[in-house]
Amino acid sequence: MASSGRPGACIELTHVSKSYGKVPALNDLSFDIPVGGRYSLLGPNGAGKSTTLKLLIGSLRPDTGNIRILGSSPDSRDSKAVVGYLPEDALPYRMLSVRENLEYIGALRGVPDVKGRTDFFLDELDLRQYEKANVGRLSRGNTQKLAIALALIHSPKVLLLDEPLNYLDIPTQEKVIGLLDRLEGTHLVSTHIMSIANRLTDSVIMISKGMFLWEGTIEELRNRGSPEEPIEKVVARMMTGAS
Ligand SMILES: Nc1ncnc2c1ncn2[C@@H]1O[C@H](COP(=O)(O)OP(=O)(O)OP(=O)(O)O)[C@@H](O)[C@H]1O
Ligand SMILES: [Mg+2]
């Protein structure tokens, strides 16, 4: 059952800090993402993006602070049921086939028509020819396609994607962008690639050294630079503290 939460918020981080032993990863990080929001999580290497996503799925717990997903704690059943997560360097079960991975995760997720849903992703992501192949034999890009399908199989209301288009060829990137575009819900996407942030989302949360840096729309971000300046230059300036 939903326990608490600010009205209209889907993802809430309130004064969250997290260290790995002595290595600080997040330092008093707070932000909200509204229901239905499409947000990119931007930050330099080591900023704490993947750590944030791992906290949101409940695989890590914050040292201090509070996290809510649609009003529930990330490690609650309610939260786990509504979240779909694509990890950085996702590795599906290597000894199972592509179809077995989809049917197994689909069944665990309580998907009503697992076979139909499996067929949908096999066709949608051009995996049909590999359906009987063990995942250990797939190329990196085809493994990523399967990982994306596994994150989406239960039509999650809250989608957390860590570098989702890594390893994908350009036609597949376009397919995945179309697929995500059609999927309702709240999306938070960690990426380094501004063109991907622009295609998949309309707003940005920027963090650096585990701390909140900036939040706004991609339009507002673009307007911080001169008209002919690439948006990457604006972002680089902000991340290095030059503006
Ligand atoms: N398992 C771990 N053990 C120790 N330190 C870790 C671990 N995972 C992450 N860290 C450290 O926590 C900090 C944040 O790492 P995180 O992976 O969240 O960053 P990131 O923003 O996702 O970076 P990247 O853009 O390189 O993917 C870094 O200093 C990193 O070295
Ligand atoms: Mg990362």
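Screening Glu103 against (1) without any contact (Cβ under 8 Å) to a residue 40 or more places away in the chain; (2) within 16 Å of ligand 1 (Cβ to nearest atom); (3) not basic (Lys, Arg) leaves a single unmet condition, (2). Tell me which residues, restricted to region 183-219, are over 30 Å from Gly241 (Cβ atoms) and modelled with pLDDT under 95. Hits for region 183-219 are Leu183, Glu184. Of (1) within 16 Å of ligand 1 (Cβ to nearest atom); (2) modelled with pLDDT of 95 or more, Ala90 satisfies all except one. Which? In the conditions (1) within 16 Å of ligand 1 (Cβ to nearest atom); (2) modelled with pLDDT of 95 or more, Ala90 misses (2) alone. I'd like to know if region 131-140 contains one or more residues that are crowded, with 18+ Cβ neighbours inside 10 Å, within 21 Å of Asn101 (Cα to Cα), in contact with a helix residue (DSSP H, G or I) (Cβ under 8 Å, 6 or more places away or on another chain) and touching a residue at least 12 places away in the same chain (Cβ under 8 Å). There is at least one residue in region 131-140 that is crowded, with 18+ Cβ neighbours inside 10 Å, within 21 Å of Asn101 (Cα to Cα), in contact with a helix residue (DSSP H, G or I) (Cβ under 8 Å, 6 or more places away or on another chain) and touching a residue at least 12 places away in the same chain (Cβ under 8 Å). Taking the numbered list (1) within 16 Å of ligand 1 (Cβ to nearest atom); (2) farther than 25 Å from Gly36 by Cβ in turn, Leu96 passes all entries but (1).
Just one residue in the set Leu146, Leu168, Leu160, Leu180 is touching a strand residue (DSSP E or B) at 6+ places or on another chain (Cβ under 6 Å) and either crowded, with 17+ Cβ neighbours inside 10 Å or small (Gly, Ala, Ser) (or both); that residue is Leu160. Inside region 9-37, residues that are among the charged types (D, E, K, R) and more than 17 Å from Ser72 (Cβ to Cβ) make up a count of 3. Of the residues making up region 203-241, those that are under 23 Å from the mean Cα position of the chain (by Cα), of a type in the set (Gly, Ala, Ser) and surrounded by fewer than 17 Cβ atoms within 10 Å (Cβ to Cβ) are Gly216, Ala236. In region 1-8, is there at least one residue being touching a residue at least 40 places away in the same chain (Cβ under 8 Å) and within 16 Å of ligand 1 (Cβ to nearest atom)? Checked region 1-8: no residue is touching a residue at least 40 places away in the same chain (Cβ under 8 Å) and within 16 Å of ligand 1 (Cβ to nearest atom).
Tell me yes or no: at least one residue of region 193-216 is acidic (Asp, Glu) and either free of Cβ contacts under 8 Å to residues at least 60 places away in the same chain or within 30 Å of Met95 (Cα to Cα) (or both). No, region 193-216 has no match at all. In region 1-69, counting only strands (runs of 3 or more DSSP E) that sit wholly within it, the ones holding 2 or more residues that are within 16 Å of ligand 2 (Cβ to nearest atom), of a type in the set (A, V, I, L, M, F, W, C) and surrounded by 14 or more Cβ atoms within 10 Å (Cβ to Cβ) span 23-34, 38-42.
The one condition from (1) more than 15 Å from ligand 2 (Cβ to nearest atom); (2) over 15 Å from the mean Cα position of the chain (by Cα) that Ala151 does not meet is (2). Which of the residues that make up region 141-163 are closer than 11 Å to Ala90 by Cα, of a type in the set (S, T, N, Q) and in contact with a helix residue (DSSP H, G or I) (Cβ under 7 Å, 6 or more places away or on another chain)? Within region 141-163, just Thr143 meets the criteria.
The values are calculated or read from the model by the stated rules, or taken from the named source; none is laboratory data. No experiment lies behind these values; they were computed from the predicted model shown. Ideal geometry is used to build each Cβ from the backbone, glycine not excepted, and the neighbour counts take in all protein chains shown.
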